[in-house]
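Data first, discussion second: the structure below is written as structure tokens.
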Amino acid sequence: MLGDMTASTTPATSARLRTEIPGPASRALQERRAATVAAGVSSVLPVYVTSASGGLLTDADGNTLIDLGSGIAVTNVGHAAPAVVDRVREQAERFAHTCFMVTPYEGYVAVCEALAELTPGDFAKRSALFNSGAEAVENAVKIARVATGRQAVVVFDHAYHGRTNLTMALTARSVPYKHGFGPFAPEVYRVPGSYPYRDGLTGEQAAAAALDRVDKQVGGDSVAAVVIEPIQGEGGFVEPAPGFLPALSRWCSEQGAVFVADEVQTGFCRTGDWFASEHEDVVPDLVATAKGIAGGLPLAAVTGRADLLDAVPPGGLGGTYGGNPIACAAALGAIETLRTRDLAAAARRIGETALPRLRALADETGIIGDVRGRGAMLAAEFVRPGTDEPDPDVTRRVAAACHQAGVVVLTCGTHGNVVRLLPPLVLPDDLLDEGLSVLDRAVRAEAGR
């Protein structure tokens with residue numbers, strides 16, 4: 001249990017703290033880090049992990065923490081998932097790299113076959129593999145521009161799409177992602193999205209307002225792509241009102257623009273469907289994926305209509321490490337696990353357990369303005385009592401209290417006032433209950449200050 005200082009040789013099955021957080025070994029590593037790691041690379045919680053399994057992390061001091069972050073929605077299948085570990089080991093023993101652009105290999109093809117089967121739409125598809133979500137989004141824009149012969153890209157308030165030059169331009173929040181890093185890529189146009197808690201609009205109303213601005217300021221016949229997260233991630237886990245995404249998709253079809261779903265954080269069963277676009281039967285022209293695709297190894301993809309991807313001439317897409325054979329092996333192991341364990345259903349069960357508890361907590365404490373999310377992608381937005389004014393200070397303290405109690409949670413939101421939960425989809429019910437109980441106590445303590 002929490003606070004148990006007793007050493008044990010058996011694997012931990014709950015949060016077990018042997019030292020303060022961070023402990024002396026982690027603090028020593030933090031000192032070493034300060035001497036050699038760039039200050040611009042930050043960490044949410046400076047405990048240094050030495051091993052992990054399922055939904056638990058063990059640090060250098062022997063503390064075991066419940067992971068409700070999954071490395072930012074990466075370890076959907078849990079840490080050290082057996083099918084991932086086995087396939088990675090087997091592939092590493094055979095060969096680690098040849099570069100698919102030089103001498104190809106079956107694993108790359110197999111991942112593309114799986115993506116063609118799993119992503120929305122029953123049309124002919126193609127995929128290209130990359131290393132990160134930002135690379136996937138940037139290449140989706142490249143593909144759309146070549147295929148349409150247009151340049152303009154439409155994105156939305158509160159969006160987060162990455163840290164490369166182009167994806168910084170697509171990202172909404174300045175600090176810490178953009179400030180001082182410009183100039184940014186041109187021909188990017190930002191419009192309001194759908195934020196039901198704050199705009200009070202239906203999906204159709206929000207879409208009409210956004211698209212009216214596009215028509216007036218850009219012109220539909222100039223738009224190469226509309227790029228959107230089906231549920232916004234870093235911007236606050238903002239779930240658009242029903243009807244918003246379908247209206248955007250229809251507009252793209254009418255205007256000849258490419259509808260790009262950035263499913264980097266929402267993909268691979270995170271929201272209770274394989275892809276969040278499926279919730280409203282939206283079929284994107286292109287889907288950008290990463291994070292949960294490979295159980296912790298770096299891999300990303302753009303998947304979509306064959307005519308779009310095949311519009312790029314040979315040599316126009318790729319990269320030295322894109323579709324690395326070990327990462328492809330990990331992806332096949334992760335996909336096997338997602339399928340055989342029906343982790344989409346597991347994500348739905350997590351949501352069914354957590355959402356009622358979070359909503360009751362909001363009602364009883366008065367410092368949570370909105371609880372939202374789908375599946376195992378959940379959020380609580382903190383506000384000052386009696387208002388909808390964001391309260392980032394309370395948010396930080398709640399997260400810090402969870403960390404001190406051995407539970408890893410993350411924050412997000414344009415105003416930094418959202419606590420987000422992204423547990424591994426294999427997280428057992430007792431660990432989920434324990435983690436939620438820690439969060440519950442932290443919020444009640446703040447409400448009683």
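All of the numbers you see were taken from the coordinates with simple rules; none came from a lab. Note that the structure is predicted; figures quoted are calculated from it, not measured. Heads up, the Cβs are rebuilt from the backbone with ideal geometry, glycines too, and the neighbour counts pull from every protein chain shown.
Sort through 273, 281, 262 and tell me the only one that's more than 30 Å from residue 53 (Cα to Cα) and of a type in the set (Asp, Glu).
Only one candidate qualifies: 281.
Tell me, yes or no, whether segment 403-423 has at least one residue that is over 16 Å from residue 237 (Cβ atoms) and assigned to a helix (DSSP H, G or I).
Yes, segment 403-423 contains at least one residue that is over 16 Å from residue 237 (Cβ atoms) and assigned to a helix (DSSP H, G or I).
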Worksheet, complete the sentence: Within segment 43-56, residues being in contact (Cβ under 8 Å) with a residue 12 or more places away in the chain and assigned to a loop (DSSP other than H, G, I, E, B) number 6
Worksheet item: If you go through segment 126-140 one residue at a time, do you hit one that is exposed (fewer than 13 other Cβ atoms within 10 Å of the Cβ) and either aromatic (Phe, Trp, Tyr) or in a loop (DSSP other than H, G, I, E, B) (or both)?
Response: no
Worksheet item: of a type outside the set (Lys, Arg), over 13 Å from the mean Cα position of the chain (by Cα) and at positive phi: does that describe residue 285?
Response: no
Worksheet item: What is the residue count in segment 106-125 for residues that are outside any helix (DSSP H, G or I), buried (at least 19 other Cβ atoms within 10 Å of the Cβ) and either touching a Leu at 6+ places or on another chain (Cβ under 9 Å) or of a type in the set (Phe, Trp, Tyr) (or both)?
Response: 1
Practice prompt. Mind counting the residues in segment 202-226 that are in contact with a helix residue (DSSP H, G or I) (Cβ under 9 Å, 6 or more places away or on another chain) and within 14 Å of residue 190 (Cβ to Cβ)?
Written response: 7
Worksheet item: When segment 141-180 is examined, which residues are found to be over 15 Å from residue 232 (Cα atoms) and assigned to a loop (DSSP other than H, G, I, E, B)?
Response: 149, 150, 151, 163, 164, 174, 175, 176, 177, 178, 179, 180
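So is residue 74 touching a residue at least 40 places away in the same chain (Cβ under 8 Å), touching a helix residue (DSSP H, G or I) at 6+ places or on another chain (Cβ under 8 Å), β-branched (Val, Ile, Thr) and crowded, with 21+ Cβ neighbours inside 10 Å or not?
yes
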